[in-house]
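*Asks:* Handing you a structure now.
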Amino acid sequence: MSPKTRAKARNRGISSVFTAVVIAIAVVAGIAAVAISWPMIKSGFDKNTWSGSMSLYKVGFTYTESGAYAYAQNGVSAPLNDTPGFVGYCLAYQYNATTAIYSCPSNQPDYQR
Amino acid sequence: MSQILEELMTEPIGFIIAMVILIAGAVGGLYGYWAYANHVTLQNYLWPIAEVVPYKGEYFLAVINTGYEPFIVKQIYLSNGSTIHVNTKPLTHNQWFTETTNQLPIAVRVCSAVEPSVCTVAPVHGWSMAEVGVPRDAILVVVETTIEPAVSINGPPTPIGNPIGNPIGNPISGHGRGPIGSPIGNPIGLPINVTVLHEPSNCHWSLTWYGWAGGSISHTGNLTFLIQPVYGDVHFIPINLLGPNKASPGSVVVFKIFCTWW
């Protein structure tokens, strides 16, 4: 084998190693990118689920023997006072004998009021 | 150019340089993406809820952390374009922050307590009014002293400086010291606003009811109470009260205090 032929063979070897390394780096980078992306993707799904549950969060009002009560979801309830108080994730108070004013996560933002 | 590239890819020194550049690029890119992903992930887990209700001529604002990522309330944006800087202590799961403002709050800015550069803006939810429901087997009785709305009385056209109804030029005598110099008069054509307290709130009243179940109550002043249980109409015998003489289950009846003073 002539020196020229040997050099060509060596160059082809280095090119093959280079290609192999580039592919390896690409594969490792791809796997790393997926691993990094997954928590971000999951957090997006979690946020959507949370937004959905909040958009349904409501409060109801009734009278009991001990006075007016507000009841929210998951069995949360509290007596209505004449100062704003918390009922679950809602804010409510008794405005007069028969009316309550409240704000819940399901209320749409309304800047006109 | 292709010869230089060929040199780089085939000679050992060029190979090493190319590898270093490639690895540094890959690591740098991954690090940048990791930092971005962390930022977005943390931001996605900031779950503030902001509520507002009108209260005594002002606005009562409350911000709650419904998530598990602690955050700090940094700013409150008001409807007139101004901003209130607050910087609260970190709010953890289900903790509230409240504030009273004289302008309507429209949004709040909260930042992660772990990484203060990660922030999100939450809109403030508007409020609603609801009738407090009466159970189907009950009647809500509201006894109240009412204050009538302001009444405008157009007084007789008397000149300023004279009391209402006083003929012009006739001085009014005070107690022992001659005519009153400047009695209060009603300017011509201007209405007088009068607020009328319907009846005194210290009046003693009583209410008796009968129907499926009977009972009675005596009290002084305002009172709201529940008659329960009731099935079918209930009839009332009010004393010193003005209101209906019967009511159905699940309804609200309002009595006005009405005392006759002798």
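Read the figures in this text as sums done on the coordinates, not as results from a lab. Keep in mind the model is a prediction, meaning the values are calculated, not measured. Please note: Cβ atoms are built from the backbone with ideal geometry, for glycine as well, and neighbour counts cover all protein chains shown.
*Asks:* What ranking of A:Val87, B:Val253, B:Val121 emerges when the number of other C-beta atoms within 10 Å of each C-beta is taken as an exposure proxy, fewest first?
*Replies:* Fewest-to-most Cβ neighbours within 10 Å comes out as B:Val121, B:Val253, A:Val87.
*Asks:* Same structure, new question: Throw me the Rg/Rh for the range A:32-113, computed over C-alpha atoms with Kirkwood Rh, two decimals.
*Replies:* 1.21
*Asks:* Continuing with the same structure: Using 7 Å Cα-to-Cβ label points, what is the B:Thr98/B:Gln75 separation (nm, one decimal)?
*Replies:* 2.6 nm
*Asks:* Next question. A:Thr19 to A:Asn81: extension gain in nm, 0.36 nm per residue of separation minus the Cα-Cα distance?
*Replies:* 14.9 nm
*Asks:* Using each residue's phi in the range B:76-85, evaluate 6.51 cos²θ - 1.76 cosθ + 1.60 at θ = phi - 60° and report the 3J(HN,Hα) Karplus result to the nearest Hz, with x for Gly and Pro.
*Replies:* So the Karplus estimates, Gly and Pro as x, are 10, 8, 9, 5, 8, x, 7, 10, 10, 8 Hz.
*Asks:* Moving on. Can you give the FRET efficiency to the nearest 0.05 for A:Val34 and A:Gln108, using r as the Cβ-Cβ distance and R₀ = 41 Å? Kindly include the intermediate steps, with their values, before the conclusion.
*Replies:* Working: r = 38 Å, r/R0 = 0.92.
Result of the calculation: an efficiency of 0.60.
*Asks:* Listing B:Tyr45, A:Tyr89 from the residue with the fewest other Cβ atoms within 10 Å to the one with the most, what is the order?
*Replies:* Ascending Cβ contact count within 10 Å gives the list B:Tyr45, A:Tyr89.
*Asks:* Please work out the FRET efficiency for the pair A:Ile41 and A:Thr5, using the Cβ-Cβ distance as r and a Förster radius of 45 Å; give the result to the nearest 0.05.
*Replies:* Once the sixth-power term is evaluated, E becomes 0.25.
*Asks:* Could you list which residues have their amide H under 5 Å from that of B:Ala213, counting only those 5 or more apart in sequence or on another chain, with H placed in the peptide plane?
*Replies:* For B:Ala213, the qualifying residues are B:Tyr231.
*Asks:* Here is a further query. What shape does the range A:60-103 have by the C-alpha gyration tensor, where a ≥ b ≥ c are the square roots of the eigenvalues, rounded means a/c under 1.5, and otherwise prolate means a/b greater than b/c and oblate the rest?
*Replies:* On the way: a/c = 1.91, a/b = 1.18, b/c = 1.61.
Taking the square roots of the gyration eigenvalues as a ≥ b ≥ c, the range A:60-103 is oblate.
*Asks:* If the chain between B:Leu242 and B:Ser82 were fully stretched, how many nm would it gain, using 0.36 nm times the residue separation less the Cα-Cα distance?
*Replies:* Full-extension gain reported as 52.6 nm.
*Asks:* Could you please rank B:Trp212, B:Trp34, placing first whichever residue has the fewest other Cβ atoms within 10 Å of its Cβ? Before the final figure, lay out each step's value.
*Replies:* Numbers: B:Trp212 12, B:Trp34 16.
Ranked by crowding around the Cβ, least crowded first: B:Trp212, B:Trp34.
*Asks:* Could you check the simple spin-label distance between A:Ser55 and B:Arg136, using points 7 Å along Cα→Cβ, in nm with one decimal?
*Replies:* Going by the 7 Å Cα→Cβ label model, 3.2 nm.
*Asks:* In peptide A:68-80, what is the residue-averaged number of other protein chain Cβ atoms found within 10 Å of each Cβ?
*Replies:* Mean shielding by partner chains, rounded to a whole number: 1.
*Asks:* Taking H placed 1.01 Å from N in the peptide plane, check which residues at least 5 places from B:Gly67 or on another chain put their amide H under 5 Å from its amide H.
*Replies:* B:Trp47, B:Asn94
*Asks:* Per residue, how big is the convex hull around the C-alpha atoms of the range B:6-87? Give it to me in cubic angstrom, could you?
*Replies:* Output value, Cα hull per residue: 160 Å³.
*Asks:* Can you list residues from other chains, or at least 5 along the same chain, whose modelled amide H is less than 5 Å from the amide H of B:Phe258?
*Replies:* Amide H neighbours of B:Phe258: B:Leu241, B:Leu242.
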